[in-house]
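Shown next, in structure tokens, is the structure this report addresses.
The values are calculated or read from the model by the stated rules, or taken from the named source; none is laboratory data. Since this is a predicted model, take the numbers as computed values, not measurements. Glycine also receives a Cβ, built like all others from the backbone with ideal geometry; neighbour counts cover every protein chain displayed. Ligands, DNA and RNA are stripped out before the accessible areas are found, and what is left, the full protein with its side chains, is counted by its heavy atoms. Shrake-Rupley method; radii C 1.70, N 1.55, O 1.52, S 1.80 Å.
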Amino acid sequence: MQTSLRIFLSALTLALFVSCPASAGEAEWAAYMDAATTAYRAGDYVTATTRLEAALREAETFGIGDSRLARTLNNLALVYDSQGRHAQAEPLYRRSLSIAEKALGQNHPAVGALLNNLARLYKDQGRYTEAELLYRRSLEIREKALEPEHPDVGQSLNNLAEVYRTLGRFTEAEPLLRRSLEIREKTLGLDHPDVGQSLNNLALLYLDQGHFKEVEPFFQRSLAIREKALGPNHPDVGASLNNLASLYQTQARFADAELLFQRSLAVWEKNFGVDHPDTGTALSNLAFLYREQDKLHEALAFARRANTSLARRFTADSGISRRGMLAEQRKRSANFEFHVTLLAAVAEQGTQARIEIVREGFDIAQLARASDTAEQVAKMAARHA
């Protein structure tokens with residue numbers, strides 16, 4: 001799992017905006033924001049959400065161009081985004097960005113931070129062209145306005161590189177990731193969580209290219225930094241566990257991989273709940289791991305959990321836009337085909353009623369209807385009817 005840091009706007013960032021007069025409700029707003037920041041840094045997104053929603057109610061009374069409103073909108077959007085609630089996050093990001101651009105101009109560092117966050121949302125939705133444009137603009141702003149080795153420049157380099165890596169543009173990604181790591185180690189110290197992020201993403205780049213010897217030390221160092229700095233149950237620790245497990249799976253170290261995938265699943269379920277995309281990723285990874293070991297029933301159980309979770313996310317009240325739903329279906333297209341192949345294998349064993357398998361196969365075909373493999377999944381389901 002790749003990581004590209006988002007900016008939770010702090011009081012320091014707020015100071016970059018034009019000053020605002022004291023307003024009624026300011027003390028309550030400040031208390032809600034402080035509580036939300038504490039909860040967010042601890043990975044407690046549920047508490048962060050409730051506090052930020054309360055803060056937004058106060059901030060809406062300050063005026064449409066108030067810097068505190070921009071900060072609150074951004075932070076609430078970020079927490080929604082972290083929970084996979086992209087449809088709710090996007091308009092808040094856009095409002096925050098509009099306020100900042102009008103107050104500060106289009107080339108201010110605070111605008112660069114807000115562009116970074118909106119770009120991350122687009123990347124999570126598979127909207128890579130839009131994400132690349134915003135990440136490039138964020139990097140240009142920061143390189144002009146800040147020192148060349150400023151940590152924010154390192155962040156933009158990391159995030160743009162992650163888009164390139166995802167698109168298979170490895171030769172463009174590697175120098176950006178290496179420069180990001182160099183900046184962060186120099187300015188933040190060797191044990192900073194952002195250094196852990198750069199190490200993690202370099203390891204993913206090497207893993208994608210099959211350079212396995214370079215991968216494990218980077219993943220292990222990233223995991224050690226994150227566990228020490230963030231605690232064992234932080235979502236970023238879950239990402240490091242998941243990624244190291246993926247490496248072990250490619251090396252046929254199945255017992256090691258299973259242990260880390262299970263730990264990753266536990267961390268993400270605790271932080272995000274059972275229906276978050278990251279939880280679904282952990283479930284799918286375990287399903288693939290068990291299938292590779294010919295543990296069909298264990299694999300099918302986890303594939304069912306992953307796709308049941310996905311189906312629940314697509315209900316009318318889930319907060320996912322039609323565009324976001326289609327993007328997620330495309331990202332998970334391989335999982336649908338995999339689920340049907342598991343059903344076919346179980347059917348051949350004769351350990352489950354055929355009518356139940358057929359019905360489940362067609363249910364998965366319906367869930368896959370917008371994905372790249374929709375037609376293939378439907379044909380496979382019909383073939384086993």
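Would you check which residues across the range 81-122 are small (G, A, S) and either in contact (Cβ under 8 Å) with a residue 12 or more places away in the chain or within 22 Å of S309 (Cα to Cα) (or both) and list them? Hits for the range 81-122 are S82, G84, A87, A89, S96, A100, A103, A110, G112, A113, A119. A301 falls short of the stated requirement of being open to solvent by 10 Å² or more (accessible area, probe 1.4 Å) and at pLDDT below 60. Annotation note: of R142, R120, R169, the sole residue that is closer than 18 Å to Q209 by Cβ and of a type outside the set (S, T, N, Q) is R169. Among the candidates S10, S23, S4, the residue that is closer than 30 Å to L207 by Cα and modelled with pLDDT under 95 is uniquely S4. When we screen G154, G84, G105 for residues that are open to solvent by 20 Å² or more (accessible area, probe 1.4 Å) and either more than 25 Å from A55 (Cβ to Cβ) or under 19 Å from the mean Cα position of the chain (by Cα) (or both), the only hit is G105. Within the range 198-235, the set of residues being open to solvent by 50 Å² or more (accessible area, probe 1.4 Å) and within 21 Å of R41 (Cβ to Cβ) comprises A224, E227, K228, A229, L230, P232, N233. Taken across the range 337-350, residues that are at pLDDT below 85, at positive phi and more than 27 Å from the chain's Cα centre (by Cα) do occur, with at least one present.
Just give me the residues in the range 33-64 being open to solvent by 80 Å² or more (accessible area, probe 1.4 Å) and either more than 20 Å from A89 (Cβ to Cβ) or among the aromatic types (F, W, Y) (or both), in sequence order.
Across the range 33-64, the qualifying residues are D34, T38, T61.
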